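Read the structure below first, then the notes.
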Amino acid sequence: MVDRPRRTQRERTELTRAALLSAGRRLFGMEGYASVGTERVAREAGLTRGALYHQFPDKSALFAAVLDQVEAEIADRMVTAVSGGLDPADTIALLLAGADAFLDACTEPDIQRIVLVDGPSVLGWERWRQICLNHSVGLVAGLLADGIQRGTIPIQPVDPLTHVLVGAIDEAALYLARAADPAKARTDVNLVLRRLAAALTLPS
């Protein structure tokens, strides 16, 4: 029998953290932050509550880490959508593909609950917003800067434009989350976003 190499402390820490994030993601997504206690998360992860508190000072810190992970996954979907065979010179199509990927993700019940329902109320608007921006701003700013360099959109200040567009998409996602008729709301939002995107090509 061959002895397996013993895991390092760092590896054990990473595995513990990953298990807690996975359990937190499942439970927060299914039942909501208020309905899930730390003991439940630890048990779901196959760990003790002491192990949880060794990684996260409290439940809100665990939730913030889960939100950050979910936002990173959404950003990956946006990158995949933007990279999906579209013309790199069609800045508007790229922006809309990224926006559609974001909105599609935010209609999934677990993501919607974590990102749009519990996120702002649990963490407060400022902290929630910062976590969300960490993953989306760079992508949108990069597309806008590339479009300006290519000449597909007029020269304009990239940083404020990025924040305005990201804010609009976030508000669109919140609007969809609260809509009585999600299908109609999505159709209306799609129309508005495409008109907004088209306006980016107008001369300044």
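The values are calculated or read from the model by the stated rules, or taken from the named source; none is laboratory data. Because the structure is predicted, anything quoted here is derived from the model rather than measured. Virtual Cβ from ideal backbone geometry, glycine too; neighbours counted across all protein chains shown. When the accessible area is computed, the model is the full protein with side chains, heavy atoms only, and any ligands, DNA or RNA have been set aside. Shrake-Rupley method; radii C 1.70, N 1.55, O 1.52, S 1.80 Å.
If only the Cβ of Lys and Arg carry +1 and only the Cβ of Asp and Glu carry -1, the dipole of segment 1-144 around its Cα centre is close to 860 debye. Would you mind checking the tilt of helix 91-106 against the longest principal axis of the Cα atoms of the chain, expressed as 0 to 90 degrees and rounded to 10? Helix 91-106 and the main axis of the chain meet at about 40 degrees.
Note down the relative contact order for segment 87-174 as a percent, whole number, built from C-alpha pairs under 8 angstrom at least six residues apart. If you can, show how the numbers build up before the last one.
Values: 50 pairs, mean separation 33.7, N = 88.
Taking the mean separation of contacting Cα pairs over the length of segment 87-174, I get 38 percent.
Counting only protein heavy atoms and using a 1.4 Å probe, what share of the accessible area of the chain belongs to carbon plus sulfur, as a whole percent?
Values: 6250 of 11230 Å².
Exposed carbon and sulfur together represent 56 percent of the surface.
Taking Cα centre as origin and charging only the Cβ of basic (Lys, Arg, +1) and acidic (Asp, Glu, -1) residues, the dipole magnitude of segment 82-204 rounds to 200 debye.
In the full protein context, segment 1-159 carries 54 Å² of accessible surface per residue, based on a 1.4 Å probe and ignoring ligands, DNA and RNA.
Summary value for the chain: 20 percent relative contact order, contacts being C-alpha pairs under 8 angstrom separated by 6+ residues.
If you add up the charges near Gly29, with Lys and Arg at +1 and Asp and Glu at -1, over every other residue whose beta carbon is less than 14 angstrom from its beta carbon, what do you get?
Working: positive: Arg25, Arg26, Arg40, Arg113; negative: Glu31, Glu44, Glu71, Glu73, Glu108, Asp110, Asp118.
That works out to -3.
Pop the C-beta distance of Lys184 and Asp104 into the FRET formula with R0 = 25 Å and round what comes out to the nearest 0.05. Mind dumping the intermediate values first?
Working: r = 16 Å, r/R0 = 0.66.
E between Lys184 and Asp104, to the nearest 0.05, is 0.95.
Each of Pro154, Val36, Pro88 was placed along the dipole of the chain (beta-carbon charges, centred on the mean Cα), and the one lying farthest toward the positive end is Val36. Placing dummy labels 7 Å off each Cα toward the beta-carbon, the span from Tyr53 to Ser35 is 2.6 nm.
When nucleic acids and ligands are ignored and a 1.4 Å probe is applied, Lys59 ends up with an accessible area of around 40 Å².
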